[in-house]
Amino acid sequence: MSLSRTAIRSSFCLRKLDPAISRSSLPFLQGWRKCLSTTTEQPPSSPLPPSPEGSPVNRSNRASGEERYYGKFSGFSKHALKTDIMNILEDCNVTPDDLKFSYQRGGNLNPAAVFVQFPSLSSYDQALRNIAKKGKLFRLERAARSQWDPVVPYEGKVVALHGLPVNAIIDDIDKFLSGCLYYPGSIQFLTIQVLGNAKKVALVRFTSQTQAMNAYITKNRNFLLNQRITLQVLQ
């Protein structure tokens, strides 16, 4: 057992997860595989289950009784965060829960678009006016509910580790993330294609957005098995 496992178990008991939590985590991990698999799959016909901790409910939109509208927002930097998108969509009556980042199935997991749930048509029109004012390369187009539903929300709590050696195992990830608060059972290895070459990536779910960002700040560009690892916080 790695030093990080011992430290986290003794201080925070995150490794002795309640069986109910472990069972509830399964749908989320399955959602990861569906969303980030490099094979072609049919999108699910219904929304994916919530994350283990449960996602906040956007009660203001749910209770308004107005028809919701959906948009596909693009043209932003690959390093953009939800806060960046919210700044562009100011006065549009949307919350962070109304944003879902859609990541490319192949490549470096760059965000392909952000799907936005608007509480009304007037809110969507306000977003168009904001984009017209801010200019640059931003683009907003109408989207369907069927495009919004299948997208897995990572909520800024999931970190992708790029540049892993092919022989890296879970214990190596534990050592690399020593001192960070995350769910050990969430570690998942993926193989993605970059310029025709297979690359190994690990996804790790942290206990909060703060802990995920802390891992990014303290661990990004550190070495694992003599290879430099880059971290990416998934929104």
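Read-outs throughout are calculated quantities, based only on the coordinates presented, and are distinct from any laboratory measurement. From a predicted model like this one, the values you see are computed outputs, not experimental measurements. Cβ atoms come from the backbone with ideal geometry, glycine included; neighbour counts cover every protein chain shown.
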>> Which order do the peptides 128-136, 160-168 come out in when sorted by mean C-beta neighbours inside 10 angstrom, highest first?
In response: 160-168, 128-136
>> Over 24 Å between Cα atoms: which of Lys136/Lys200; Lys78/Lys157; Lys78/Lys134 fall into that group?
In response: Lys136/Lys200
> In which sequence would Asp98, Asp84, Asp91 go, from the one with the fewest C-beta neighbours within 10 Å to the one with the most?
Replying inline: Asp91, Asp84, Asp98
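Translational diffusion coefficient of the stretch 59-148 at 20 °C, 1.002 mPa s, Stokes-Einstein with Kirkwood Rh over Cα pairs, in µm²/s as a whole number.
Here the translational diffusion coefficient equals 161 µm²/s.
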> Taking θ as phi - 60°, what are the ³J(HN,Hα) couplings along the stretch 155-168 by the Karplus curve (6.51, -1.76, 1.60), each to the nearest whole Hz, with x for Gly and Pro?
Replying inline: 6, x, 10, 10, 10, 9, 9, 9, x, 5, x, 5, 9, 5
>> Relative contact order for the stretch 59-148: what percent, with Cα pairs under 8 Å and sequence separation of 6 or more?
In response: 43 percent
> Roughly how many nanometres apart are two label points built 7 Å out from the Cα toward the Cβ at Phe189 and Arg142?
Replying inline: 4.7 nm
>> Please report the net charge: other residues with Cβ closer than 11 Å to the Cβ of Val166, K and R +1, D and E -1.
In response: +2
